[in-house]
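Encoded as structure tokens, the structure appears first; notes follow it.
The values are calculated or read from the model by the stated rules, or taken from the named source; none is laboratory data. Predicted model only: the values in this text are computed from it and were never measured. Here Cβ is always computed from backbone atoms with ideal geometry, including for glycine, and neighbour counts include all displayed protein chains.
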Amino acid sequence: ANKWIKNMERENNVQVIKLTDGDYLRTLENAIQFGLPVLLENVKEELDPSLEPLLLKQLFKSGGVMCIKLGESIIEFSDNFRFYITTSMRNPHYLPETAVKVTLLNFMITLDGLSDQLLGVVVAEERPDLEAQRQKLVVESADNKKRLKDIEDRILHTLSSSEGNILDDTAGIETLKEAKIVSDEITEKQIVAEATQVEIDAAREGYKPCGAYNSVLFFTIRDLANIDPMYQYSLSWFISLFVRSIHASAEESEDEDSGEPAEVDLDERLKIIAEHFTYSLYQNVCRSLFEKDKLLFSFLLCTRIMTSEDRLPVEEFNFFLTGGVGITAKSVPQPKGEEWISAKMWGEVTRLASTCSVFENLPDHIAQDTAAWKAIYDSVQPQEMTYPGEYGTQPTAFQKLLVMRCLRPDKVTPAVNDFVDATMGRRFIEPPPFDLQGSYNESNAMTPLLFILSAGSDPTAALLKFADEAGKGSDIGVISMGQGQGPKAAVLIEEGRETGKWVLLQNCHLAPSWMPSLEKICEGINAENTDEQFRLWLTSMPSPAFPVSILQNGVKMTNEPPRGLRANMRRSFQLEPIADEEFFEGCNKPEVFKKLCFGLAFCHGFVQERRAFGPIGWNIPYGFDDGDLKISVRQLQMYINENEQTPFEALKYATGECNYGGRVTDDKDRRLLNTLLRKVYAPAALKKGFRLSESGTYVIPEEGSHESYLDYIATLPILPLPEAFGLHENADITKDLGQTALLTETLIKTGGGSGGGGGAQDELVAKITKDIIDRLPPNFDIEAVQRKFPVRYEESMNTVLAQEMLRYNRLLSIIRNSLLQLQKAIAGLSVMSAELEKVFNSFAIGQVPAMWMGKSFPSLKPLGSYIEDLLARLDLFDGWYRNGQPSIFWISGFFFTPSFTTAALQNFARGNNYAIDTVGFEMEMMEMDPGLYTEPPDSGIYIHGLFMEGCAWDKDKKMLCESRPKVLFEPGPCIHLKPVLLSDIKDYPHYSCPVYRTAERRGVLATTGHSTNFLMMMKMPTDVDPDHWAMRGVAMLCSLKD
């Protein structure tokens, strides 16, 4: 749109401004006064209030001249003034009060429009004669139509100006005769032109599939911006790559003897172009994607192409994303006695039977032949096994993915990998390696090169090495961005443009306010004013403030550190200062230093790679980086050199509380970090063959050269087992489930779950909305509750009940109001606002709307499970109101659990005249069945409803034990929280187990010093070292994901 407006108004001296320009109002005032067109670029959803008088056209006469007041200035208003406003936002929502002030035009390219444009491009490259003829015809046709219009005007003018009898007007008759001749001539030309156009269109028609196919590819990469703001690609870049690919594919298909293009029919040629361009696009886009998104991009390409060719029904793809939300399940009872078939799994299988006709009898087949299906479930690599019976051959490759999603969701990612391999070829699952030379070859002096950073990555060393190889080692200016560095960077760029130097601006995300200035500088770089040797290199973490124009037109690259413990440790030994031979051999106690240095490198890999396991690894995924290792290893050598005895306590403090610990904000994460360092920074680590993991796979090798340590690291497993990180083998399933969830959630962000037709989606959402409204109970009557359970000094639980009901009333009101408004909006009785549209989209993919979560209790459940959970919570308090205080409390049902536990302590303290801060809970583990406890305890409270993650519960010994294979969460026992004086609490071998509200574990840091997700520490009996469970990431949870 910007380009079109600039071209249209070029002759009128169009003024281009942005709201970020310091003098944009001055430019606007001059343009209004002198009647110049103005283009205001890249506005957001809210316009600057200073533009209000202009948008409302608040004109008034002053001294006989039309004027307008803009800010404090009164200026003359010219009738020739034109005002254009553009936004680069993909789907803006403008309020009605904004919409009535302007004329809104949607300039977004459509699939059909782009298809036609790309058709023109491919025909122009493949059949330039045909395209030239078509362009000539278009011009001639427009010219002929203009001449016909002129003739009509002359005839009308002659007839209207003729006086008396028209037949007596000789000049008029001559004009009409001449007009008739020209008109006939033009009509004949138009007939010929139309016939030629039909021939051209017939020839172009053969190329039509190419335009349609490649337009799908563009919309696929356009949707990547929903995943990460840095994934932006312009249409001009896409077309340029397309043209290069057409030429390259022609060269590759040349006859080896003659050097001429080999003779192939049109369909074969289009297939060659499509395959070549698809892979070329994959390579170019992959270069700028993070590792986690590369397989997703391949899968997205594959499914979008299949959908466009009607090879993948939208219903099946939506089932893959959501598990069949809103679909009525086939009524087949769940097989009894089969523990491996969970309610969630059976629900998805029965919904799959309703989604795909090929799986219509799948639930019955599983119920009849459970042994064969259990073999799939128990397999280490189920994605490589053949399904039992007809399901081994009948379903398509994608339909088999749906079965995998139901039975083993943890293996969906490798199954997707195999699916892309089988559908598009192995090269689409093997991303191209980082290639700095290749990226440089793609660029020119006008094209910035951008490194998109991730935690732990720093491409500066690689770039400086490349600059040396390119002969630019002394001609590269480096500046690290931050406050006040913008003007210096501008001077450096200006100097580089004139002299042909390279410029590197590091960490651009730290200077968001200067980004508009950088965009302006980049727009001003052109071939006339810039040395062709100049290159602008940028590094930035993902940031919404980064200029879209640079992202779209620049060359983007990612270079992430290698994955896996072995690769991480090797990288540590190849970085300064460990890689420096003088440093590595320079300690006065070489054996102590080298062994502890190796242990430290293991710790560095441990803390970074453990992040892959999600919340069971770290509550918060901290950005530990190479700087932490560098300072720690330098301190290690200094402390050893300066002390006769190795100061382990000082090392643990410096490393665990300052260097690495300085990043850690969660006290449970700090406990884990210190547990790890206690193991490595200990006298035992200096003994021969000290084990860093329980299995002995990782040990500290004997003292040797730097090379010997690299040789030992090369013998370690490429893919570490969870035991390397102190975790149970089930943690691999947790990690794989996290990857599957990330894959589906990211696909939903790209708009994947919005297909299926507007009407069908409206019906689905309307059905869900009505169902929830029908099931919602009325709000609690707080006055009636307070009459029955008045505020009493000796019974704090009455206050808890009233407060909980108030909180649920607030949530119920928001849910009910949004549902009623959504019902009206779907029926067309009211406007679908931006907030309601978000609710609608959330319902369509089975997620809880953000509007609800803002006032809700913490929950990670999908919509259906969330509503069930909400109704169960409401039943808890309704039962309390009707039947009195329960004998055993479902602790997960409370909105704000700390008030409940505090009330129990308060009752005890007030009953015995103790200060509240002198009492605490003694925890007694009881039986598993809450139905056994029909009477409340004499003192304290019984609670149930907690789940254990990372371990299991030994019912007989009543203590923690190892998890069962493939069982991620175990129900916890009923617990008696018995208030006693802190001085009377008995100590016993226990693990202080954190209790969290959800499996996410992380929350916002509250004034208590704990996360808002954290409830309390539960003293769980154990007969092993508590550090074992800390390394396992053991915790108790009030609520699961599903």
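When the range 526-542 is filtered for residues that are touching a residue at least 24 places away in the same chain (Cβ under 8 Å) and surrounded by fewer than 18 Cβ atoms within 10 Å (Cβ to Cβ), the ones remaining, listed by number, are Asn526, Ala527, Asn529, Asp531, Glu532, Gln533, Met541, Pro542.
For the range 157-172, the count of residues that are buried (at least 16 other Cβ atoms within 10 Å of the Cβ), part of a helix (DSSP H, G or I) and either within 26 Å of the chain's Cα centre (by Cα) or aliphatic (A, V, I, L, M) (or both) is zero.
Taken together, the criteria place Leu39 among residues that are of a type in the set (A, V, I, L, M), closer than 30 Å to Ile221 by Cα and not in a loop (DSSP other than H, G, I, E, B).
Scanning for something within 24 Å of Ser796 (Cα to Cα), surrounded by fewer than 20 Cβ atoms within 10 Å (Cβ to Cβ) and either outside the structural domain of Leu863 (by TED's automatic domain parsing) or in contact with a Pro (Cβ under 8 Å, 6 or more places away or on another chain) (or both), does the range 1017-1038 turn up at least one residue? Yes: one or more hits.
When the residues of the range 694-721 are filtered to those that are under 23 Å from Pro1026 (Cα atoms) and touching a Lys or Arg at 6+ places or on another chain (Cβ under 8 Å), the one that is surrounded by the fewest Cβ atoms within 10 Å (Cβ to Cβ) is Val699. Residues in the range 205-249 that are in contact with a helix residue (DSSP H, G or I) (Cβ under 7 Å, 6 or more places away or on another chain) and outside any helix (DSSP H, G or I): 8 in all. Residues in the range 687-723 that are closer than 18 Å to Pro562 by Cα and either outside the structural domain of Lys589 (by TED's automatic domain parsing) or assigned to a loop (DSSP other than H, G, I, E, B) (or both): Thr715, Leu716, Pro717, Ile718, Leu719, Pro720, Leu721. Those strands (runs of 3 or more DSSP E) of the range 435-552 in which 2 or more residues are in contact with a Pro (Cβ under 9 Å, 6 or more places away or on another chain) and modelled with pLDDT of 90 or more occupy 449-452, 535-540. Filtering the range 909-924 to residues that are surrounded by 19 or more Cβ atoms within 10 Å (Cβ to Cβ) and either out of contact with any helix residue (DSSP H, G or I) (no Cβ under 8 Å at 6 or more places or on another chain) or β-branched (Val, Ile, Thr) (or both) leaves Val919, Met923.
Before we move on, is Gly617 surrounded by fewer than 17 Cβ atoms within 10 Å (Cβ to Cβ) and touching a helix residue (DSSP H, G or I) at 6+ places or on another chain (Cβ under 9 Å)? Spell out how you get there, then give the answer.
On the way: surrounded by fewer than 17 Cβ atoms within 10 Å (Cβ to Cβ): no; touching a helix residue (DSSP H, G or I) at 6+ places or on another chain (Cβ under 9 Å): yes.
No.
Of (1) under 29 Å from Arg408 (Cα atoms); (2) in contact with a Pro (Cβ under 8 Å, 6 or more places away or on another chain); (3) surrounded by 18 or more Cβ atoms within 10 Å (Cβ to Cβ), Gly972 satisfies all except one. Which? Just one mismatch for Gly972, condition (2).
Out of Glu657, Glu649, Glu644, Glu609, which single residue is in a loop (DSSP other than H, G, I, E, B) and on the phi < 0 side of the Ramachandran plot? So that I can check it myself, show each step before the final result.
On the way: Glu657 fails: in a loop (DSSP other than H, G, I, E, B); Glu649 fails: in a loop (DSSP other than H, G, I, E, B); Glu609 fails: in a loop (DSSP other than H, G, I, E, B).
Just a single option satisfies the conditions, and that option is Glu644.
In the range 633-650, which residues are surrounded by 13 or more Cβ atoms within 10 Å (Cβ to Cβ) and either without any contact (Cβ under 8 Å) to a residue 40 or more places away in the chain or farther than 17 Å from Gly599 by Cβ (or both)? Hits for the range 633-650 are Gln635, Tyr639, Pro647, Phe648, Ala650.
Quick check on Phe789: is it more than 30 Å from Ile327 (Cβ to Cβ), surrounded by 18 or more Cβ atoms within 10 Å (Cβ to Cβ) and not polar (S, T, N, Q)? Write out each step before concluding.
On the way: more than 30 Å from Ile327 (Cβ to Cβ): yes; surrounded by 18 or more Cβ atoms within 10 Å (Cβ to Cβ): yes; not polar (S, T, N, Q): yes.
Yes, satisfied.
Here Ile888 fulfils each of the conditions (1) in contact with a His (Cβ under 7 Å, 6 or more places away or on another chain); (2) surrounded by fewer than 19 Cβ atoms within 10 Å (Cβ to Cβ) apart from (2).
Filter the range 904-926 down to the residues that are in a loop (DSSP other than H, G, I, E, B) and in contact with a Phe, Trp or Tyr (Cβ under 8 Å, 6 or more places away or on another chain), then identify the one that is nearest to Met1016 (Cα to Cα). Ranking the qualifying residues of the range 904-926, first place goes to Met926. Out of the range 64-95, which residues are in contact (Cβ under 8 Å) with a residue 60 or more places away in the chain and farther than 22 Å from Asn13 by Cβ? Hits for the range 64-95 are Ser88, Arg90, His93. So which residues in the range 676-720 are within 16 Å of Glu609 (Cβ to Cβ) and among the polar types (S, T, N, Q)? If the condition is that a residue be within 16 Å of Glu609 (Cβ to Cβ) and among the polar types (S, T, N, Q), then Ser693, Thr697 are the ones that fit.
When you look at Ile341, is it modelled with pLDDT of 90 or more, part of a loop (DSSP other than H, G, I, E, B), at negative phi and among the hydrophobic types (A, V, I, L, M, F, W, C), yes or no?
Values: modelled with pLDDT of 90 or more: yes; part of a loop (DSSP other than H, G, I, E, B): yes; at negative phi: yes; among the hydrophobic types (A, V, I, L, M, F, W, C): yes.
In short, yes.
Would you confirm whether any residue within the range 741-748 is surrounded by fewer than 18 Cβ atoms within 10 Å (Cβ to Cβ), free of Cβ contacts under 8 Å to residues at least 60 places away in the same chain and closer than 28 Å to Lys1041 by Cβ? Looking through the range 741-748, at least one residue is surrounded by fewer than 18 Cβ atoms within 10 Å (Cβ to Cβ), free of Cβ contacts under 8 Å to residues at least 60 places away in the same chain and closer than 28 Å to Lys1041 by Cβ. Annotation: of all residues in the range 169-213 being β-branched (Val, Ile, Thr) and either touching a residue at least 40 places away in the same chain (Cβ under 8 Å) or touching a strand residue (DSSP E or B) at 6+ places or on another chain (Cβ under 6 Å) (or both), the one that is farthest from Arg134 (Cα to Cα) is Ile186.
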